[in-house]
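J.: One structure coming up, written as structure tokens, with questions to follow.
The values are calculated or read from the model by the stated rules, or taken from the named source; none is laboratory data. Since the structure is predicted, the reported quantities are computational estimates derived from the model, not experimental observations. Cβ sites come from the backbone with ideal geometry, for glycine too, and all protein chains shown count toward neighbours.
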Amino acid sequence: MDANGNGKIDFNEFKAVMGKHFFGGHSKTDLEDAFKRYDSDGNGFLSIDEVQSAMANIGRQMNRLEVRSMIQSLDSNHDGKISFDEFIKLFD
């Protein structure tokens, strides 16, 4: 997973492997269902807490700073949360 060989796995390296591994070949409906499952308050966005919880569910414990960095890498409109359209970028 450490494509640049720096001894750490950054978000883009994580995304490149995990997105394809967990969601490769899934339909848009499958991704919508996953997004809704992670969107625990049902507001149509993933917050820092929801992303942190989702990552913990797949066995990846991340601190708030790591989660914030992950969100920033996907957050194209810079509102501090992840919309469905931003979420599906993980699986491109």
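J.: So which of 35, 45, 23, 91 is among the hydrophobic types (A, V, I, L, M, F, W, C), in contact with a His (Cβ under 8 Å, 6 or more places away or on another chain) and either buried (at least 17 other Cβ atoms within 10 Å of the Cβ) or at pLDDT below 90 (or both)? Can you show your working first?
T.: On the way: 35 fails: in contact with a His (Cβ under 8 Å, 6 or more places away or on another chain); 45 fails: in contact with a His (Cβ under 8 Å, 6 or more places away or on another chain); 23 fails: in contact with a His (Cβ under 8 Å, 6 or more places away or on another chain).
Testing whether each residue is among the hydrophobic types (A, V, I, L, M, F, W, C), in contact with a His (Cβ under 8 Å, 6 or more places away or on another chain) and either buried (at least 17 other Cβ atoms within 10 Å of the Cβ) or at pLDDT below 90 (or both) leaves just 91.
J.: Is the range 28-51 home to any residue that is in contact (Cβ under 8 Å) with a residue 60 or more places away in the chain and part of a helix (DSSP H, G or I)?
T.: Filtering the range 28-51 for residues in contact (Cβ under 8 Å) with a residue 60 or more places away in the chain gives 28, 31.
Then keep just the ones that are part of a helix (DSSP H, G or I); that gives 28, 31.
There is at least one residue in the range 28-51 that is in contact (Cβ under 8 Å) with a residue 60 or more places away in the chain and part of a helix (DSSP H, G or I).
J.: Next question, about the same structure. Return the residues of the range 67-88 that are without any contact (Cβ under 8 Å) to a residue 40 or more places away in the chain, surrounded by 13 or more Cβ atoms within 10 Å (Cβ to Cβ) and either closer than 20 Å to residue 26 by Cα or not hydrophobic (A, V, I, L, M, F, W, C) (or both); say none if nothing qualifies. Before you say what the answer is, go through the steps one by one.
T.: Going residue by residue through the range 67-88, those that are without any contact (Cβ under 8 Å) to a residue 40 or more places away in the chain are 67-68, 71-72, 74-83, 85-86.
Narrowing the set further to residues that are surrounded by 13 or more Cβ atoms within 10 Å (Cβ to Cβ) leaves 67-68, 71, 74-75, 81-83, 86.
Result: 68, 74, 75, 81, 82, 83, 86.
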